[in-house]
Every structure is written in C-alpha cells, then in structure tokens.
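Here the structure comes first, spelled out in structure tokens, and everything after it is commentary.
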Amino acid sequence: MRRIGVYICHCGTNIAGKIDVEKLAEYARGLPYVAVARDYRFMCSEPGQEQIRKDIREHGLDRVVVAACSPRMHEQTFRKVCQESGINPYFLQIANIREQCSWVSEDPAGAMHKAMDLLRAAVERVVRHRPLPSQEVRVHPDVLVVGGGIAGIQAALDIAEGGHRVHLVERLQSIGGHMAQLDKTFPTLDCSACILTPKMVAAGTHPLITLHTYSEVADVSGFVGNFRVTIRHKATYVDHKRCTGCGICQQKCPKRVPSEYEEGLGLRKAIYTLFPQAVPNKPVIDRQNCIYFTKGRCRACEKFCEMKAIDFHQEDWEEVVDVGSIIVATGYDLMDPSVMELYGYGRYPNVITPLQFERMASAAGPTGGRILLKDGKEPKDVAILHCVGSRDKNYHEYCSRVCCMYALKFAHLIRERTSANVFHFYMDMRCFGKGYEEFYERVQSEGAILIRGKAARITDEGLASEEEGRLVVHAEDTLSGESLRVPVDLVILATAMEPRSDAEDVARAFRLGRSRDGFFLEQHPKLAPVSTASAGIFLAGTCQGPKDIPDTVAHASAAAAKSLSLASRGMVEVESMVSEIDPELCAGCRTCVALCPAEAIEYLPRLRVSRIQAALCQGCGACAAACPSGAAQLKHFTSDQILSEIDALMGA
Amino acid sequence: MDAQRNDPSPAVEMGEGRMMDEGELDFGFAQEVSAEPGGEGIVKCFACGSCSAGCPVRRFHPTFNPRRIIRMVLLGMRDAVLRDPFVWLCATCFTCQERCPQGVRIADLMRALKNLALRSGNMPEGIPMQVNLLREKGTLYPLDEFDNKKRTKAGLPPLPGAHEDVGVLLGDLADLGRPKEE
Amino acid sequence: MENKTYALFLGCTIPARVRQYEQSVRAVAQRLGIRLVDLEGFACCGFPLEPVDHHAALALGARNLALAEEAGLPICTLCSSCTSALCEVSRTLSRNEEERERTNRLLAKIQRRFQSPVEVRHFVRILLEDMGLDRIREACVRPLDGIRLAAHYGCHLLKPTEIHQGFDSVEDPRVLDDFIRSTGAVPVDYSRKKQCCGGSVLMADQRTALEIARDKLAELRDLEVDALVVVCPFCGVMYDSNQKVMEKIFEETYGIPVLYLPQVLGLAMGMEEKTLGLKSHAVKTKGLLEKLQAQAEG
Amino acid sequence: MTMHAALIIDSGGGWIETFRNLCRRILEEGGVDALLVPQHLPRSPMVQYTLVRDAERLEGVNPVAPVLPLNGGTLAARLTREDPGARVAALLRPCEIRAFLELVKLHQGERQRILLLGIDCLGTFEPPEFQDWVKENSSWDGEAFLRSMRDSGRPPEGAPALRSSCQVCEHPTPEGAADVEVWLLGTDPDRLLLHSTTEEGDRLLKGLGLDPGEPPKGRQKAVTSLEEQRREARDQLFRDVSSRLLPLEKILETLSSCIHCQNCRDVCPICYCKSCVFQGPSLDHPSAQYLRWAGRKGAIKMPTETLFFHLTRMAHMSTSCVGCGQCSSACPMGIPVADIFRFVGHRTQSLFQYVPGRDLEEPLPLATFREDELSPP
C-alpha cells in the first residue's frame, strides 16, 4: 500500500489568489493512497521543505506530490528533499497549478476544477513511479573552443590558465577575429591591436592551447563530459612545420587580389597571412587566385622558399579530438547594406561600412590611418547613419548595441584627424555602458553635430555647382521638425550585426537552438546566459547576440567558468530518465537506431535486438515515440505512467 | 488664375509654448485608429522622421508632416486630427510606407484617417460629387453620345455610359451631401 | 506566357479624357500580338473611394475582379492607380477571410462573387514580362536616335512593393528607362525621377499639388529634355493638361510635351501620329516630331 | 539494369500447365532449391502458399487463381530473416512484393536471400466467395478468369466481384521490383511471357536456356490503361471514404462494430511487432475505472479501446500500407478497414512523397528527416 503526501503551495497570491488551496488540500485527502495533504505559503522555502521531510519520517510516506509551479523551477529542489529523507528522488511528481493553471485561468471556479484534475492525475501517476538510480560519468578534462575571435581567445586563455587543455578551432589562418580589424576601441580609445595582440600571442604560445587555424568542426558526437569532435584542417599548401614565416613568398607572389581583412580597401597576395601580427604568422595559398592552381604556372613562392615549405599537393585532413565540453564563439557577420538601396552602398563609392572605416582609420591600414575619399582627398563633411539595418522591421528588429558607441568613436577619430564636420543621424542615442555616457558628452563637446532623425535616403543630387560630386543626406530633424538636406563627402553606415550566414549549419552541428533574431539561443536569458539546451555546450560572445568588447569578454569568461567547473569536478551526473529496450519485445527493426540523435542505440545482430547505451542516452524519448511495439520505453515516462495520468485526468 | 491654398487651422498650429490640457486629449483615439484597416501598426512608431524626410507634400506644404500627425494621433488629439483638412493632403505616394523601419503602413493609416475624418464631415468639396457620380454611373467620367462619337473617330470602340449595378453596391454609403451632426 | 489574352481595364479617366493613351496601347499591343479584350461591365476600380470608405472601395474593386474571373481572363491595366487598387483588393480578399466574406455579402446583391486571386498587371509590366526588351527593340524599326526622354515612374506602378511582387526596385527603378533605351532614345537621369506628380493632392490643396508638379517640370526644363514619359493618366493629366495652368501661376515656361510610353514605342515602331493620337496633347508635340523628322533625315 | 524478355511458346497444354513446367524446370535446372508458390490444396478448392523442394510436388500450382488468403510478403520475410541455407525463390503478386520490401526496410527480411518472381495481378476475390464460386463451377479454370479479365476487364459471368482493395489497386504489375516478371497484361494469351529485370533474373532465364525475345507491343498501353482505370476507381473510393466514413462523428460509427479481435492486425503484412502493444497490460484498466467512465458518460461501449486501437495501428503502419486489403478480408464484422487505411495511408504517404515498396533505397519516412518535409508543396 502506497502512502502519498500531497503538498499544495500558495506561492503567495500567485496560486492562492485564484485557487482555494485549503479546499484543494481537502480534496486531496479524499484521493486514493493519500496519507497527508497540506497547504503552505511557500513550499520551496526551508520550512516548507522541512515539513515534507518531517512527514516522510513521521508518516512513513513513500511518494510525494507537490502542487506548485512548473517542474522547471523546483523539481530538483523537491527531489533533493525526497532523497535526503531516504526515499528515491524520482518518487516525486509535480502538479503545475501555477503556470498551467492559476496564471492562465481567468475564472476561479474553472481554475479550481483544473487544479483538482491536475492533482488527481499526479497522484495516479506517482503511484506508478519506479526508483531510478543516480548515475555519474567521467568528464573528459579537455575543452573545445570554436572560433578564435576575442571571445574564443579569452575563453581559451581562461581555461588553459585553469590547467586544462584547450583545442581552439578558427576558420581563418589567424586568430583575432573582427577585433583585429578595429582601430581604436570605445570608450577608452585604446588601440585595438595593442590590447588584442598580447592575448593572441598568449593563446598562440600557451602550452595547454592547441590552435587549429584554417580549420572547421566537421562533426560532433557524444554528450556532456564526452564529446568526440572531428576537426577538418583545410589544405594551406604551406608546410607550417617548416615555414619560418619569413615572408619572402608573399613578397615574390605576383598575384594581387582585394584583401578581405582590409575590407576590400587594400590588396593582398595569393599566398598571404591575414595581417602582420597574425598568430600563427604563417601564410596559406588561396587556391582560387593562385596562378599555379588556376593556370598551372608561376610557382614563384616555391622557388624562393629556402625552407622548401611550399607543398602544392597538400590535401584537407581530419583529426578527431575528445573533449568534455564545448564553447561556441563563432561571432557575427556585418550586414551587407547594399540591399538598402536608398543608402546607395555599392552605387556611391564614398558610402562605406564601419569596418571599412576602421581599416581606413588604422595606422596599419591601406591609407595609413588617414581618412580619405575615394579620390584621395580629405572629406569636409561626414555623415554617420545610425541604425542601418538595426531597429528596422524590414531587416533586423533588434538593436545592435554597439553602433551608437562606435559611431561616436568615429566622430572623435574624424574630428581628431581632419577638419571635417561630422553629422550623426540617430533615432535614440544608446550609451549605457560604463563610461559610455561620459564618452558621448566628450564627443558632443568635440563638435559632433547630432540630428535626431533617421536618414530617409542618400542621393548624389547636388543643387549647386559646389555640391557637384557630393552626397546629400535627406532627413528630418524630428526635434525641431525641420526637413534637412545635408551635403557631405563621406557617409558611414552603422550597419547591423547579424548572425553568421552559416549559423543554421552550426546550430545543427552543435544541436543549438536559435532565437527569433537568428542568434544562438541561451538556456535562460537572465539566469543561464552562456548555457544552452545541450548540456556541456556553452556560448561565448556575439554568436549569442550583439555585444561590445567588454560584454563579449565577460561572456567568454563566464563560458570558460562553466567549462572549468565541469572539468574540475571531473564527474557529471547523467540523465537517469533514459530509455531502455525490452529485448523480449524488440523486433530489431532499427527504426529507433536511425532516429536517435545521441547515437546511443546499438543493434546486436546475434540477438536480433537493439540496445540502448544508457551512458549516451539523453532521454529525449524519440525511440519510445517511434517504437510500435512499445519495446523502447523512456524511464519515468513509460506508457503505463502516462496513460494512468491521462486516465485520471479524463476520469471523474 | 488663382490656386487655392488650404491653410492650417488654429488647432494644428500647436506652436511653441502652447500648453495642452490633459482634458483636451482622448487617449482612446490611438486604439480607435489602430482598429481601422491600415491603422494597425501606428503604436509602433518611434518617430524617426524618415517618413517626413521623404514626403513630397511636406516639401511644399507649410505644416503637413506625417510623423507629427502620427504623434498627434498617439497623443489623442482627436479633434485636431479629424477636423483639420491636413489629413486630405497625403498624396498616397507610399514613399514613407516603403521606408518605415517599424513597418507602420503610413499611407494606409492616412487613408484610415480620411475615412474617419469623412465620417465627421471633414472632406474636400469635390468628394460628394465623386461619390454621387460613382453611385449613379459607376465611373467618374460617364461617356455620352458625343464622347463615343469622338472615340469612334479615334478608332476606339464605343463604351457604355453607366454601370447601374454599382449603385446597388454603394447603397450603404452615407449621403455625403451634408456633414453629419456631431 | 507569350501572346496571352487580357481583359483590358481602362478605368474612368482614359476613355473620356486620355484617348491618345488608349489608342497607342491598342496599336502597340496589336503590333506585338498581345490580345486585349474589352469586357462588358468594367467600371471604376475603387481607388477614388479609398479615402471615403475602405470597404466600399474593396467592393467596387472586387466587382471588377469577379467579372474578369468569370471571363477567365487576367487583367491588363493602363492606369497605375487602377493597377495598385485592383492588386490590393485581390491580395486583401484572398488573404483576409473576414473582408472576403463581408465583400461577398455586398457582391451577392448584384449576383457576383470574388473567389480567387486575379492576375492584374500594368501594360508596361506585360510588355516587359511577356515580350521582353529584346522583342521590343527588334520591333523598333524607326529608332528615336538623339531624342532625350525623361521617365516619370509615378507612385502606384511600383508601390507598395508587396502587391507588385518585386516588379522593379522602388528606390532605384529602371524599367521605364530601359524601355526608352530600347527605342534608341536617350533616357535622361534627373534628381526628381521618383517624385510624385501631386495629382492626388489636387482636390485637397490645388496650390501644393501644382507646386509638387512644377518642381519636376522646372528641373526637366533646365535639363532640356524633349519630352516627359508617363504610364498613368493621372500623371499625364497633371503634367500635360495642367502645364499651362502652372506656367501662368508660377509665371514661367516649361514647354515639355508629355508622352505615354506606348506612344513612344509606337513612334519607334514607325506608327503614324494619328494612330498614336499625338495631336491630342495640351502641350503640343509638334517640336518633338519635327526634331524626330530632322534626325531621320539628317 | 538488364532488360531481358523471353518467350515460352505454349505447348498446347494450356497456360497454367506451361507455368507448372516452368516451375519444375526452375527447381531442376535453375539452381533453385526451394520455391514458394501457390497451389490448390488436395481435396480443397482453396489455393495456399506451399514451399516446394521436390519438383514432383507441383501438380496443383496455380498462379492465376484469383484469391489471396494471406499476404505472401510476410512469408518471404520469414524465409529470409536469417540465412535460409539454400537458394529460395518465390512467386508473389505486386502487393506482396511491396509488403516484402517494406519489411526488408524494417529489417524483417533480406532481399538478397530470395529470388523473386513477380506476376501481374488482375485482382482477387474474397476467399469465401472464391470458394463458393469454384464449388458451384466444377469446370472452373483459372485461365477463364484470366481471359475474361484480359478481354473485358471484368471477371467472367457469374463470378463474384473483385475485392474492394483490388478494384482500386493502381499497382497491377511488379514495376521492376522482382527479378523476373511474369507478364499477363497486354500479352498473347497463348504464350507465357517472362521478363527479367535484374542480373539474377538474367542468370535464371539463361540457365533455363530461354532465348530473349521482343517485348510485346501492346503491353505498355494495356498497363497504363488499367492503372488509369484503377486510379479513377481509387479516387472515387477516397471521395467516398472522406465523406462517408472518415468525418469525426462518422468514424466512431464506422468503427463502432469493432469487437477488438485484432484480426486485421494479425493479417497485416506491415504489422511486424513481436508482440503488439495492445496485447500487453498497458490498456487493462482497474475494474473501477470502467465504472467511473460509465458513470461519467452514462454508458460506454465495451470493449473500450477500439478507436484507440485503430488510430494507433494507423499511426504505426499507414506510411507503409501497401493496400493489399487483407485487413478488410479478415474482419468478421465487415468493417471496411482497408478502405479507411488506404485513404489515410495515401495522405500520409503523399506528405512524404513516399511510395511503400517502390524502392529499397527510399528510406522509411519515420526513420529519416528531410528539411522540407511537412512543408506544403
């Protein structure tokens, strides 16, 4: 004979405001097997928990039903209470009478009725609960970090400093990411390279960090604590073990193409490093442009390389590494503003993107840090358009968070280096970080002209001869109500940060969710901002949403802390609610094998049945749903448990 | 020849420093407008002004300003919006609507405001005549025998002068001859 | 797609006031093998009723769509406002069940019913999509070499974008310039190319409407164009019939003939002035025709 | 893919006799150790599958008797689940082959372990009706049925109607899924025509010393025309099912006569479970539960889970349903189970553009994932 204790939570007025909790407790006392039923203001509080412990002891309860909030909130809390009192933690059932009842019901009588149904179903179900063991598996101490921008570098360094090996995978031939392209950083105006390069070097030389540059993750299998990752190394056509990075090959290569790193403003060779401070500072050959690969001739690099490091026969190769956790730090793309035809990007040469401006402003960039127009002259007037593609339902609804600040930084740099007027066309000035408002005031005092209104369009239609060849920004200054046409020489579009174009594929590979804006979805927007729905996989930086550098670094360190805490504990509790297959019933059809996302099901040809490897099973239940004979069952969600719950819900 | 200008009424001349009394405002007005077809998006406006900046009427008319009209609706200035001729100034050119970052269907919204204004009797003089023509003939330019003769001369087929069934369709339209009493 | 048959939707203004447009459309269509059928019963498209009562306007538009649907024909429009009004009605009624039912209750009074979306395209779009610029170029046997023409796109040929399904770019339209180029004439780029004619404001505020129209004419006069090319009777009336009025009010002269695109095409196809109704314009086209003649001879 | 048509001229003993001889030669000279083939049982008009190893035991072979007491796809699966240790061949109808291929995909059989002879199917009768008909017509002869179907598209005068499932079957030919096809449609009635579609088939026919010949000209047309006719009948049936049987209030009525005997499941070739969930205890409710239900509704139909049973079975097998109609034939209550399942199966299969039994390379809809699945076409 079961002895069930039923505990009904008031949750302040959250539940008790709609449902008569005392009457509900009274109802519970009339249900089969119920030995005790109580209501209490806050069941999750220590006195509430203590009441359950006491009842288990004194009344010999062997099952507990808590009618309260969603099991997402406190299922773990009450399982622990059960365990501490000597009964199996899975002898608990939560009836969600808050999110699914009091909060969503308008009519108190209806809510009461529903609460009674839910409670009765929970009682019927808990009777059929079976004890499940707690299981732990070893956590592989190494960590994979995907993406070598500032987020990936920071996370890798934190983990390596914590004493664990890190595999840092970067798609390009050098780590550094977007930050390596920036000139100065707001609001302190540190030189981006000056603060980033030491970190890049530290990551490149750390004995516990293995850099996998010019590489991509080809496959991920396994689960928290035990991931197996296949890394595909793209052919560089340069033997990096022999290469000393002397640079002679780059000097001798005759082929010049627009440089991606310089955002098309400068040229690079067909054999090239990304930039002089690249880590590792070894070149790769760009097959699409190399004269040898396209025409079968040249080989200048090979001829001049004293180390004999050029290897045109190199092929892509794969490497498998085992890790305990993964940090995804794949960053963002800058939106291509040419789709917004009204701003003329691509049509007017002096309409540029922020990264183009950064390269122009950089002393190491193609103009040596001088702000110049396409014809080499200095601009007299510059317009910066805020919110290009951000806060715009036609493109991205969200605020990109960094544009206001870098726009102000641009104004500062322009005022510092030229005598140009700088016009900001903004809708709201969002300067919310530490020292940001102060920076805004500083740039205002430096003479930036602030126009509160979104630019309606940019034309090249000068009205007078002195406007010939200039650009005209049309906007309303909404604060004065005046319509403006502002002739300028250079327009910088503060374009939106958007999810990487391959975010969909990355999400699938790592089993990540994506939010409506397309960025990777964190487990909880406030309380679990680096965790994901996949245990052991964490997010760092702008792949989760637009961030500035300080926020990115903080986010990355948080992700590193998550990986470190897994690694340092060395063990992780794995799901007890796993599936199992009854070999007596299994017909060996292997439908479940094909469906299992965790690859946890193996087929045993001799016995002609399939078997679930409990350590790999994530408890998703796909096998149980697909198995027609019911041979596969998900523990704690077995057919008899669910059907009895439904029966009780439907029954009077 | 003289071209008539509909100058703004005092209600629109908010002017600097004029104090609006809360009692003059109807805070349900925005909801009422957003219930009209086309008015749905109005509450999303964040007043960036890209509508006004591109508006061709705004360039030539002293007070017409779509951003400000939206603000007036959101603020509940019902009488000022519905009694003034300015809602009729929108050219329905869709320039603003195409560019609005918030997806406010500004041209449709102006259409909805015209519908509302008309219900309280505010409309240009020509409207009742147009409605009557459509009700009686189904076309704004009914063809008579003389017209069809000219058409024939130009090598064009003659066309019917009226479409009676249109009147049946428009039977529910209020008689616009006299403004409704408030 | 080629040589389809269309129900020709003339709207209110064209048959009474802009016959030259209709003449040139029929002539060009015939030359190119586009069949245009006159459906008995097409009345007003509903656009003029939009400011009065949205639902009544829908019903009026739907009445025309129902007629075309019964005849099993797609619609060819000549007026940009008719185009956007009918497209909008078709789109609204096929997506919005409530409006469809409300409208069909009204239509039931005249034994009609809107059932499914009806294809509505402006004649220009049909020319581009069914014929293609290459076919047009081939048909232009008397190229308009050296003639400088400015395209006026107007508003409703392209906007709102969602009902025109990406016909041409709103912010950087090209289609009319492409047509002009295909006749051998020079399409003139100018800053107010996308500016509205102001016609819709005429009833509410004549002065503002004329100021909007004048703005464009003044620029075109300075650019010394030979003619302005339009595809909508509203725009045509605004720039042609009202040009003299504007000259008086603003005390300046423009002298810019206003041609409908099919007239330009017809000229390049070697058609007669009479066929194209070129003598029915308020601003005389004589100068232009003489220039054309001179070009041909010299 | 090989295309090998071979002709055997009728020796005068009739088509069936020629076929019996062929079976004998297959066992004696074709390198085949055992042949699964339908035969008249001694002292019974009924035709049943026999597994023959001795070539002398073929006297009752009749592949054209219009009756299908059970779907042989299950038998083929049973013979190939493990290595049978001998070379096995089977003569199957198209719906049986398709069922077998579904079972192969479900790993209940192995295609390489069997040589398939597929025969055109002109339709079958309900077994009891077939039995009665044969009893009444002592001179009955399978060839008369064949001739009548070929000539008029209808069974001979006095014969029962084809089973509903056969009337709407748009797959009357093996469609390349067998190794050797036995053609009946569009062929000369005095000739037995074999057509090989695989190398295995080629080997068999070559081994028997059969020479390749020209495929008959009228075949394609006859097949297309029959398929077209069947598709029309099928669409008519679907219209009928969707209006008469399937609406929510009507399906309850349609299934209300079900006595939960589960015969339909037993004969279903796709129902491959070792033990059905409906045989387990999970749907045995406490006695008091029945009374509570009856109390709430006033009265309940017993047994209770009949609708749930059918819906569950539909969920499990409708993507693989080949429409063989065995379920209807097996229902003691005359419920048109197959008509309903065929209709639902057609809908679920179209959703995944899946045709059960068409191709072993096509994965089962449930066992795979396509990004565009379930998005409207």
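The values are calculated or read from the model by the stated rules, or taken from the named source; none is laboratory data. Since we're looking at a predicted model, the values are computed, not measured. Virtual Cβ from ideal backbone geometry, glycine too; neighbours counted across all protein chains shown. Side chains included, ligands, DNA and RNA excluded: accessible areas come from the protein's heavy atoms. Shrake-Rupley method; radii C 1.70, N 1.55, O 1.52, S 1.80 Å.
May I ask you to list the residues in the range D:75-86 that are under 16 Å from D:K105 (Cβ atoms) and either crowded, with 23+ Cβ neighbours inside 10 Å or in contact with a helix residue (DSSP H, G or I) (Cβ under 7 Å, 6 or more places away or on another chain) (or both)?
D:A76, D:A77, D:T80
Please work out which one of (1) within 23 Å of B:W88 (Cα to Cα); (2) within 14 Å of chain A (Cβ to nearest Cβ); (3) of a type in the set (D, E) is the condition C:E171 fails and give its number.
Condition not satisfied by C:E171: (1).
For residues that are modelled with pLDDT of 90 or more and part of a helix (DSSP H, G or I), scanning just the range B:1-40, find the one that is surrounded by the most Cβ atoms within 10 Å (Cβ to Cβ).
B:V33
Taking C:L202 and the conditions (1) open to solvent by 40 Å² or more (accessible area, probe 1.4 Å); (2) of a type in the set (A, V, I, L, M, F, W, C); (3) within 14 Å of chain A (Cβ to nearest Cβ); (4) free of Cβ contacts under 8 Å to residues at least 60 places away in the same chain, which numbered condition does it fall short on, given that it satisfies the others?
Result: C:L202 fails condition (3) only.
Could you grab me the full set of residues in the range A:97-124 that are under 16 Å from A:P71 (Cβ atoms), outside any loop (DSSP other than H, G, I, E, B) and open to solvent by 10 Å² or more (accessible area, probe 1.4 Å)?
Those that are under 16 Å from A:P71 (Cβ atoms), outside any loop (DSSP other than H, G, I, E, B) and open to solvent by 10 Å² or more (accessible area, probe 1.4 Å): A:R98, A:E99, A:Q100, A:L118.
Would you tally the residues in the range C:111-123 being among the hydrophobic types (A, V, I, L, M, F, W, C) and surrounded by fewer than 17 Cβ atoms within 10 Å (Cβ to Cβ)? So that I can check it myself, show each step before the final result.
Narrowing the range C:111-123 to residues among the hydrophobic types (A, V, I, L, M, F, W, C): C:114, C:118, C:120, C:123.
Retained after the next criterion (residues that are surrounded by fewer than 17 Cβ atoms within 10 Å (Cβ to Cβ)): none.
Of the residues in that region, 0 qualify.
Here is a check on your reading of the model: is A:A455 surrounded by 14 or more Cβ atoms within 10 Å (Cβ to Cβ), in contact (Cβ under 8 Å) with a residue 60 or more places away in the chain and farther than 30 Å from A:A363 by Cα?
On the way: surrounded by 14 or more Cβ atoms within 10 Å (Cβ to Cβ): yes; in contact (Cβ under 8 Å) with a residue 60 or more places away in the chain: yes; farther than 30 Å from A:A363 by Cα: yes.
Criteria met by A:A455.
Just the residues that are open to solvent by 30 Å² or more (accessible area, probe 1.4 Å), in contact with a Lys or Arg (Cβ under 8 Å, 6 or more places away or on another chain) and in a helix (DSSP H, G or I), please, taken from the range B:111-135.
Listed by number, the list holds a single entry, B:R119.
Give the residue that is farthest from A:F91 (Cα to Cα), with candidates limited to residues of the range A:36-60 that are open to solvent by 30 Å² or more (accessible area, probe 1.4 Å) and among the small types (G, A, S).
Here the answer is A:S45.
Filter the range B:70-84 for residues that are away from chain C (no Cβ under 14 Å), touching a residue at least 12 places away in the same chain (Cβ under 8 Å) and either assigned to a helix (DSSP H, G or I) or open to solvent by 20 Å² or more (accessible area, probe 1.4 Å) (or both) and give the result. Walk me through it before giving the result.
The first filter runs over the range B:70-84 and keeps only residues away from chain C (no Cβ under 14 Å), leaving B:70-81, B:83.
Next, only the ones that are touching a residue at least 12 places away in the same chain (Cβ under 8 Å) stay: B:70-71, B:73-81, B:83.
Residues satisfying the conditions are B:I70, B:R71, B:V73, B:L74, B:L75, B:R78, B:D79, B:A80, B:V81, B:R83.
For the range A:626-640: of the residues being more than 10 Å from every other protein chain (Cβ to nearest Cβ) and either part of a helix (DSSP H, G or I) or closer than 30 Å to A:M112 by Cα (or both), which is least open to solvent (accessible area, probe 1.4 Å)?
A:H636
How many residues does the range A:610-625 hold that are without any contact (Cβ under 8 Å) to a residue 40 or more places away in the chain, open to solvent by 10 Å² or more (accessible area, probe 1.4 Å) and either within 13 Å of another protein chain (Cβ to nearest Cβ) or under 24 Å from D:M317 (Cα atoms) (or both)? Let's see the steps before the verdict.
So the first thing to find is which residues in the range A:610-625 are without any contact (Cβ under 8 Å) to a residue 40 or more places away in the chain, and the list is A:610-613, A:620, A:622, A:625.
With open to solvent by 10 Å² or more (accessible area, probe 1.4 Å) added as a condition, the list becomes A:611-613, A:620, A:622, A:625.
Now restrict to residues that are either within 13 Å of another protein chain (Cβ to nearest Cβ) or under 24 Å from D:M317 (Cα atoms) (or both): A:611-612, A:620, A:622, A:625.
The qualifying residues number 5.
I'm trying to understand the selection: among the residues of the range B:98-110, which are open to solvent by 10 Å² or more (accessible area, probe 1.4 Å), touching a residue at least 12 places away in the same chain (Cβ under 8 Å) and within 13 Å of chain C (Cβ to nearest Cβ)?
Let us first name the residues in the range B:98-110 that are open to solvent by 10 Å² or more (accessible area, probe 1.4 Å), namely B:98-100, B:102-103, B:105, B:108.
So of that shortlist, the ones also touching a residue at least 12 places away in the same chain (Cβ under 8 Å) come out as B:99-100, B:102-103, B:105, B:108.
Scanning the range B:98-110 gives B:R99, B:C100, B:G103, B:R105, B:D108.
(1) open to solvent by less than 20 Å² (accessible area, probe 1.4 Å); (2) under 30 Å from C:A139 (Cα atoms); (3) charged (D, E, K, R); (4) more than 14 Å from chain A (Cβ to nearest Cβ): which one isn't true of C:K159, the others all being true?
Status for C:K159: all satisfied but (4).
Of the conditions (1) part of a strand (DSSP E or B); (2) more than 27 Å from the chain's Cα centre (by Cα); (3) of a type in the set (S, T, Y), A:T210 satisfies every one except a single condition; which number is it?
Checking A:T210 against (1) part of a strand (DSSP E or B); (2) more than 27 Å from the chain's Cα centre (by Cα); (3) of a type in the set (S, T, Y), the one that fails is (2).
Considering only the range A:397-439, state which residues are farther than 16 Å from A:T185 by Cα and of a type in the set (V, I, T).
A:T418, A:V422, listed by residue number.
Yes/no matrix, rows are residues, columns are (1) within 14 Å of chain A (Cβ to nearest Cβ); (2) open to solvent by 80 Å² or more (accessible area, probe 1.4 Å); (3) β-branched (V, I, T):
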| residue | (1), (2), (3) |
| --- | --- |
| D:A233 | no, no, no |
| D:R239 | no, yes, no |
| D:E249 | no, yes, no |
| D:Q262 | yes, no, no |
| D:Q279 | yes, yes, no |
| D:P286 | yes, no, no |
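Of all the residues that make up the range A:583-597, how many are touching a strand residue (DSSP E or B) at 6+ places or on another chain (Cβ under 7 Å) and of a type in the set (D, E, K, R)?
Keep residues of the range A:583-597 that are touching a strand residue (DSSP E or B) at 6+ places or on another chain (Cβ under 7 Å), which gives A:583, A:586, A:588, A:590, A:592-593.
Applying the additional criterion that residues be of a type in the set (D, E, K, R) yields A:590.
So the count comes out to 1.
If you check C:D226, C:D215, C:D177, C:D145, which single one turns out to be assigned by TED's automatic domain parsing to the domain that holds C:P257, free of Cβ contacts under 8 Å to residues at least 24 places away in the same chain and charged (D, E, K, R)? Full working, then the answer.
Details: C:D226 fails: free of Cβ contacts under 8 Å to residues at least 24 places away in the same chain; C:D177 fails: free of Cβ contacts under 8 Å to residues at least 24 places away in the same chain; C:D145 fails: free of Cβ contacts under 8 Å to residues at least 24 places away in the same chain.
Within the list C:D226, C:D215, C:D177, C:D145, the selection yields C:D215.
Look at D:G186 and say whether it is loosely packed, with under 14 Cβ neighbours inside 10 Å and either assigned by TED's automatic domain parsing to the domain that holds D:F130 or more than 28 Å from D:P336 (Cβ to Cβ) (or both). Lay out the reasoning, then the answer.
Values: loosely packed, with under 14 Cβ neighbours inside 10 Å: no; either assigned by TED's automatic domain parsing to the domain that holds D:F130 or more than 28 Å from D:P336 (Cβ to Cβ) (or both): yes.
No.
Scan the range C:273-293 and report the pairs whose first residue is hydroxyl-bearing (S, T, Y) and whose second residue is surrounded by 16 or more Cβ atoms within 10 Å (Cβ to Cβ), with Cβ atoms within less than 6 Å and a gap of 6+ or a chain change.
Close Cβ pairs (under 6 Å, with a partner that is surrounded by 16 or more Cβ atoms within 10 Å (Cβ to Cβ)) amount to C:T275/C:A27; C:S280/C:Q20; C:T285/C:P257; C:T285/C:L278.
Pick from B:R59, B:R67: which is facing chain A (nearest Cβ under 8 Å) and at pLDDT 95 or above? Step through it out loud before you land on a result.
Numbers: B:R59 fails: at pLDDT 95 or above.
After applying the criteria, what remains is B:R67.
Only one of these conditions is not met by C:E22: (1) facing another protein chain (nearest Cβ under 8 Å); (2) open to solvent by 10 Å² or more (accessible area, probe 1.4 Å). Which number is it?
The single condition C:E22 does not satisfy is (2).
Quick check on my filter: what residues within the range C:215-240 are more than 13 Å from chain B (Cβ to nearest Cβ), within 16 Å of the chain's Cα centre (by Cα) and over 13 Å from C:A151 (Cα atoms)?
Matches in the range C:215-240: C:D240 only.
Select from the range D:27-46 the residues that are surrounded by fewer than 14 Cβ atoms within 10 Å (Cβ to Cβ) and in contact (Cβ under 8 Å) with a residue 60 or more places away in the chain and list them in ascending order.
If the condition is that a residue be surrounded by fewer than 14 Cβ atoms within 10 Å (Cβ to Cβ) and in contact (Cβ under 8 Å) with a residue 60 or more places away in the chain, then D:E29 is the only one that fits.
Tally the residues that are open to solvent by 30 Å² or more (accessible area, probe 1.4 Å) and not in a loop (DSSP other than H, G, I, E, B), restricting the search to the range A:595-609.
Total meeting the criteria: 4.
Being within 11 Å of chain B (Cβ to nearest Cβ) and more than 31 Å from the chain's Cα centre (by Cα) is the filter here; which residues of the range C:100-110 pass it?
Across the range C:100-110, the qualifying residues are C:R105, C:A108, C:K109.
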